[in-house]
Amino acid sequence: MWTLNVNTFFQIFLKNFKTRKTDDFSATRNSLCVTIEAVRKLTTKRRKTSVLSKKSKAIGFIIMSAFGFAMMAAFIRLAGDLPFTQKTFFRNLVAVAVAAVVLCREKVGFKWEKGNLPLLIIRATCGTLGIFCNYYAIDHLVLADANILNKMSPFFAIIFSLILLKERASVFQYAAVLAAFGSSMLIIKPGFSSATFPAIIGLLGGMGAGAAYTCVRALSRKGEKSARIVFFFSMFSTLVCVPFMITDYHPMTWGQFFCLIGAGASAALGQFGVTLAYANAPAKEISVFDYTQVIFSAVLGFFLFGQLPDGWSVLGYLLICGISVAVFFYNRNLERKGQ
């Protein structure tokens with residue numbers, strides 16, 4: 001809608017009317033045309049400024065989200081030698097509380113939409129397994145390695161979208177999946193070293209996250225509220241951890257306890273950042289900035305744990321991020337062409 005008020009319109013109209021030297025009807029007609037064109041240009045300019053402003057906000061939010069998730073990983077590592085199920089329990093307990101508050105504020109209720117329960121369970125199962133694998137990798141790998149393997153999730157989402165949603169990708173997108181998988185081998189370094197198994201687990205975490213995101217997309221299509229999806233997943237994951245907490249609970253120091261609370265708070269920051277980012281701009285315009293998480297993780301890993309990725313891992317980071325940038329521009333190009 002136009003953002004100029006009536007007074008502005010008539011000021012422009014009168015200014016153009018006074019400059020015309022033809023008969024009254026012609027002057028009125030011409031002035032009206034010139035006025036409409038002037039108003040159109042001004043509103044278009046304002047719209048562009050508004051869009052740029054929203055996009056800038058979205059980029060800021062997605063970077064904030066990346067920082068939040070990088071901090072979550074750092075807190076999980078700082079919590080020390082605790083079972084990953086125990087870490088997941090406390091992390092998701094915070095998420096349950098946050099999601100419950102959002103549901104109450106939005107007054108949408110806790111009851112899921114009819115027919116969505118099976119998909120909610122699949123989403124929660126995949127997401128929980130993804131978190132278990134990711135936390136195990138964080139405890140046993142360089143922080144940046146664990147995070148970049150988890151960032152393989154968008155590529156797995158392309159595969160799961162074909163299987164679950166029957167969404168066909170292009171040859172370029174499938175080639176990107178294969179290239180990204182090949183690049184991940186530079187980080188995993190298949191062999192008999194002690195780091196190979198945690199790296200494979202980290203990659204499986206990315207697979208679980210990719211399947212979970214595909215389910216979220218399917219649920220959104222069916223009208224399920226995002227806060228309800230988050231609540232169901234967080235509650236499901238917390239309940240799954242309860243038996244492990246009973247049979248394999250490890251006493252914690254206050255430092256470890258606050259690290260886990262910090263992990264939950266950082267995860268909430270990351271989740272809110274994602275929500276606000278995609279509320280201000282479409283994914284095709286901002287998703288690439290999510291890979292700043294790898295940079296944050298590398299910096300945190302160096303300063304907090306003295307970790308330095310090796311040359312092969314750095315090459316893997318660059319290739320995966322480069323492929324992601326290429327897919328980002330490819331998708332945006334398709335959108336502009338209306339395909």
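Yes/no matrix, rows are residues, columns are (1) closer than 19 Å to TYR136 by Cβ; (2) acidic (Asp, Glu):
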{"site": "SER170", "(1), (2)": "no, no"}
{"site": "TYR174", "(1), (2)": "no, no"}
{"site": "SER184", "(1), (2)": "yes, no"}
{"site": "MET207", "(1), (2)": "yes, no"}
{"site": "ALA212", "(1), (2)": "yes, no"}
{"site": "ARG217", "(1), (2)": "no, no"}
{"site": "ARG228", "(1), (2)": "no, no"}
{"site": "ASP248", "(1), (2)": "yes, yes"}
{"site": "THR253", "(1), (2)": "no, no"}
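Restricted to region 100-148, and to residues that are within 18 Å of PHE75 (Cβ to Cβ) and of a type in the set (Val, Ile, Thr), which residue is surrounded by the fewest Cβ atoms within 10 Å (Cβ to Cβ)? So, considering only residues that are within 18 Å of PHE75 (Cβ to Cβ) and of a type in the set (Val, Ile, Thr), the one surrounded by the fewest Cβ atoms within 10 Å (Cβ to Cβ) is VAL142. For GLU335, the criteria (1) closer than 30 Å to ASN92 by Cα; (2) at pLDDT below 75 hold in every case but one, which is (1). Going through region 296-306 one residue at a time, which ones are free of Cβ contacts under 8 Å to residues at least 24 places away in the same chain and not aromatic (Phe, Trp, Tyr)? Residues satisfying the conditions are VAL299, GLY306. Test PRO309 against the stated conditions and say whether it is touching a helix residue (DSSP H, G or I) at 6+ places or on another chain (Cβ under 9 Å) and either free of Cβ contacts under 8 Å to residues at least 40 places away in the same chain or part of a loop (DSSP other than H, G, I, E, B) (or both). Here the answer is yes, as PRO309 does meet what is asked. Residue count for region 262-279 satisfying the condition of being modelled with pLDDT of 75 or more, farther than 15 Å from VAL98 by Cα and among the aromatic types (Phe, Trp, Tyr): 0. For region 70-99, a residue qualifies if it is surrounded by fewer than 23 Cβ atoms within 10 Å (Cβ to Cβ) and in contact with a Lys or Arg (Cβ under 6 Å, 6 or more places away or on another chain), but none of them does. Can you tell me how many residues in region 301-324 are more than 13 Å from ALA146 (Cα to Cα) and surrounded by 15 or more Cβ atoms within 10 Å (Cβ to Cβ)? Going through region 301-324 one residue at a time, the tally reaches 6. When each of ALA209, ALA157, ALA137 is tested for being closer than 17 Å to GLY316 by Cβ, in a helix (DSSP H, G or I) and either of a type in the set (A, V, I, L, M, F, W, C) or more than 21 Å from the chain's Cα centre (by Cα) (or both), the lone residue that passes is ALA137. In this structure, does PHE110 turn out to be at pLDDT below 80 and within 26 Å of PHE236 (Cβ to Cβ)? Considered against the rule, which asks whether it is at pLDDT below 80 and within 26 Å of PHE236 (Cβ to Cβ), PHE110 comes out as yes. One residue stands out among those in region 164-181 that are in a helix (DSSP H, G or I) and without any contact (Cβ under 8 Å) to a residue 24 or more places away in the chain: the one that is surrounded by the most Cβ atoms within 10 Å (Cβ to Cβ), which is VAL177.
The residue that is modelled with the highest pLDDT, among those in region 298-332 that are under 19 Å from PHE67 (Cα atoms) and among the aromatic types (Phe, Trp, Tyr), is PHE303.
Within the bounds of region 188-198, is there any residue that is free of Cβ contacts under 8 Å to residues at least 40 places away in the same chain and crowded, with 17+ Cβ neighbours inside 10 Å? Within region 188-198, one or more residues are free of Cβ contacts under 8 Å to residues at least 40 places away in the same chain and crowded, with 17+ Cβ neighbours inside 10 Å.
The lone criterion from (1) under 22 Å from the mean Cα position of the chain (by Cα); (2) aliphatic (A, V, I, L, M); (3) more than 30 Å from LEU164 (Cα to Cα) left unmet by LEU78 is number (1). Selection over region 140-154 of residues that are closer than 16 Å to SER324 by Cα and in a loop (DSSP other than H, G, I, E, B) gives a count of 2. Given the criteria in contact (Cβ under 8 Å) with a residue 40 or more places away in the chain and closer than 16 Å to TYR291 by Cα, does SER184 qualify? Against the criterion (in contact (Cβ under 8 Å) with a residue 40 or more places away in the chain and closer than 16 Å to TYR291 by Cα), SER184 qualifies.
The values are calculated or read from the model by the stated rules, or taken from the named source; none is laboratory data. Predicted, not measured: the structure shown is a model, and the values here were computed from it. All Cβ positions, glycine included, derive from the backbone under ideal geometry; neighbour counts span all protein chains shown.
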